[in-house]
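See structure below.
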Amino acid sequence: MIQHAPWFEEARFGMFVHWGIYALPARHEWVMNQEEITVEEYSKYFRRFDPDLYDPREWARAARDAGMKYVVLTTKHHDGFCLWDSALTDYKATNTPAGRDLIAPYVEALRAEGLKVGFYHSLIDWHHPDFTVDGVHPQRNAADVESLNAGRDMARYRGYLHGQVRELLSNYGTIDYLFFDFSYTGGHEKDFRGGKGRKDWDSEALLAMVRELQPGIVVNDRLEIPGDFVTPEQYQPAGPMMVDGEPVTWEACQTLNGSWGYDRDNLNYKSVDLLIRMLVDGVSKGGNLLLNVGPTGRGNLDPRALASLAGIGEWMKLHSRSIYGAGASSFTAPTDARYTQRGDRLYVHLFAWPFEYVHLPNLAGKVEYAQLLNDASEVFLKEVDPGQQAMNMTQGGQPPGTLTIKLPVQRPNVAVPVLELFLTPEAATASAAEPEAARA
């Protein structure tokens with residue numbers, strides 16, 4: 001548990017928003033890099049950025065209705081464009097046709113909906129004249145890289161980076177969450193020659209400034225020094241995240257379709273039931289899910305994104321207590337199921353609906369009552385004699401300690417059915433104490 005920000009692990013589900021002038025080409029937020037576009041060529045998007053449909057209140061309502069508890073917005077991505085009225089650059093929203101600070105109304109909208117306020121901030125800046133060309137830079141293959149780097153000074157860029165973070169954490173009141181992105185000194189699959197990391201950012205001093213300005217903030221792990229949580233990206237961890245053999249707080253960041261920024265022709269959307277299973281799977285392993293949307297160049301959410309959020313929200317209205325404030329359980333779930341636990345309630349998320357019976361190992365005598373969570377309808381508990389022989393009309397015995405639950409034949413009409421089991425006081429106490437004992 002993060003002691004100074006316990007809300008983070010209790011919330012479990014947040015919205016990531018990747019938005020900037022890369023929404024105009026609508027070909028992925030790394031379009032400048034992938035197509036090796038120069039600063040001069042890329043400036044056409046800066047001159048045309050006019051998000052007339054931008055209403056962060058709609059974003060905030062969509063997040064809240066989906067069951068999310070926090071939102072994280074890209075204040076600046078790798079292309080260097082700033083959504084706020086930074087005093088340190090002219091490359092900002094106030095100098096585009098948008099003509100205004102776009103961060104202030106976002107912060108206000110989140111607070112109005114009771115959501116925690118998060119900022120993403122890129123450590124990288126392909127627009128800044130002092131940021132040296134490296135293996136990630138759009139001009140990495142230019143014939144005159146050495147001349148491009150002549151006179152560039154990462155110390156000056158470092159001052160700019162720290163100054164902009166100071167602005168963001170000083171001018172908008174309480175900020176709950178900060179996602180830095182990213183360090184790349186080695187160990188990556190791409191050619192990150194000349195990659196940058198903690199020394200380039202002066203990560204220790206940067207993080208110290210963040211803590212001083214916002215003592216209650218949570219900060220991720222991408223400064224190349226430890227943060228408050230780790231950030232698996234675009235994959236689901238196979239189990240609880242561990243560092244040096246110790247469990248750590250974590251949050252998986254995932255996209256709807258494989259792209260972070262608005263990508264008009266990317267149709268690889270995940271289904272609603274898959275997104276819900278990803279959320280459940282993460283919480284069952286003690287993690288959070290930060291699910292991304294990429295607003296269009298006009299500032300509104302794509303209808304496909306809205307449909308996904310609405311579908312998740314429909315499920316969350318009935319099942320949120322298996323997510324909010326819940327986490328991993330010391331009990332072992334059967335195949336095609338995931339457990340989450342909150343106090344004396346164990347939640348069985350059935351990724352596959354069995355015929356009539358589900359068998360739960362080591363729960364015999366540990367459950368007082370059970371019901372379907374979607375409608376609070378009772379389901380029946382039984383223990384099958386381990387020695388019972390399977391016959392024509394008789395099911396065979398289950399291993400000792402197995403609890404069998406009789407289910408209706410008709411699967412509930414929800415994306416992922418959930419059973420709510422009320423544990424005996426002894427079982428609840430033992431399951432809460434077991435993870436601590438294991439760590440000791």
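The values are calculated or read from the model by the stated rules, or taken from the named source; none is laboratory data. Since this is a predicted model, take the numbers as computed values, not measurements. A quick note on method: Cβ atoms are made from the backbone with ideal geometry, for glycine too, and the neighbour counts reach across all protein chains shown. SASA here: full protein model, heavy atoms, side chains in, ligands and nucleic acids out. Shrake-Rupley method; radii C 1.70, N 1.55, O 1.52, S 1.80 Å.
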(request) Please go through region 326-427 and write out the GluC sites (Glu not before Pro) that DSSP classes as loop and that have at most 14 other C-beta atoms within 10 Å. (result) Glu356
(message) P(r) for region 39-190, please, calculated from all Cα pair distances in 10 Å bins and given in %.
(response) 10, 35, 34, 17, 4, 0
(message) I'd like the projected area of region 1-68, averaged over all directions, using the convex hull of its alpha carbons. Report it in nm² with one decimal.
(response) 7.0
(request) Among the lysines, select those whose C-alpha is under 29 Å from the C-alpha of Lys406, and discard any that sit fewer than 8 residues away in the same chain. (result) Lys285, Lys317, Lys366, Lys382
(request) Place the peptides 409-417, 270-278 in order of packing, highest mean first, counting for every residue the other Cβ atoms within 10 Å and averaging per peptide. (result) 270-278, 409-417
(request) May I ask you to give the percent of accessible area on the chain that is carbon plus sulfur, with a probe radius of 1.4 Å? (result) 50
(request) Decide, for region 142-202, between rounded, prolate and oblate: order the square roots of the alpha carbon gyration tensor eigenvalues as a ≥ b ≥ c, take rounded if a/c falls under 1.5, and otherwise choose prolate if a/b is larger than b/c, else oblate. (result) oblate
(request) Calculate, for the chain, the solvent-accessible area per residue in square angstrom, rolling a 1.4 angstrom probe over the heavy atoms of the protein chains. (result) 42
(request) Calculate the length of the line joining the C-alpha centroid of region 135-161 to that of region 23-40, in whole Å. (result) 18
(request) Starting from the coordinates of the alpha-carbon atoms of region 157-248, obtain the Kirkwood hydrodynamic radius over all distinct pairs and give the value in Å to one decimal. (result) 14.7
(request) Which order do the peptides 2-11, 71-80 take when ranked by the mean count of other beta-carbon atoms within 10 Å per residue, highest first? (result) 71-80, 2-11
(message) Can you give me the long-range amide H partners of Tyr172? Hydrogens built in the peptide plane at 1.01 Å from N, cutoff under 5 Å, separation of 5 or more residues or another chain.
(response) none
(request) Can you pull a Stokes-Einstein diffusion coefficient for the chain at 20 °C (1.002 mPa s), Rh from Kirkwood over Cα pairs, as a whole number of µm²/s? (result) 91
(message) For a quick check, take a GNM of the chain with Cα springs below 10 Å and name the residue from Phe131, Phe49, Phe355 with the largest mean-square fluctuation.
(response) Phe355
(request) Excluding residues fewer than 8 places away in the same chain, name every one of the lysines whose C-alpha is closer than 18 Å to that of Lys44. (result) Lys76, Lys92
(request) Quote the relative contact order of the chain in percent (integer), defining contacts as alpha-carbon pairs under 8 Å separated by 6+ residues. (result) 16
(message) Tell me the Rg and the Dmax, in Å, that the Cα atoms of region 289-440 produce.
(response) 18.6, 67
(request) Could you let me know the centre-to-centre spacing of region 318-343 and region 210-277, using Cα atoms, in angstrom? (result) 20
(message) Between helix 39-48 and the chain, what is the angle of the helix's C-alpha long axis to the longest principal axis, kept within 0 to 90° and rounded to the nearest 10?
(response) 70
(request) For region 71-88, take each phi angle, set θ = phi - 60°, evaluate the Karplus expression 6.51 cos²θ - 1.76 cosθ + 1.60, and give the result in whole Hz per residue in order, putting x for glycine and proline. (result) 9, 10, 10, 6, 5, 8, 9, 5, 6, x, 6, 10, 7, 10, 8, 5, 7, 9
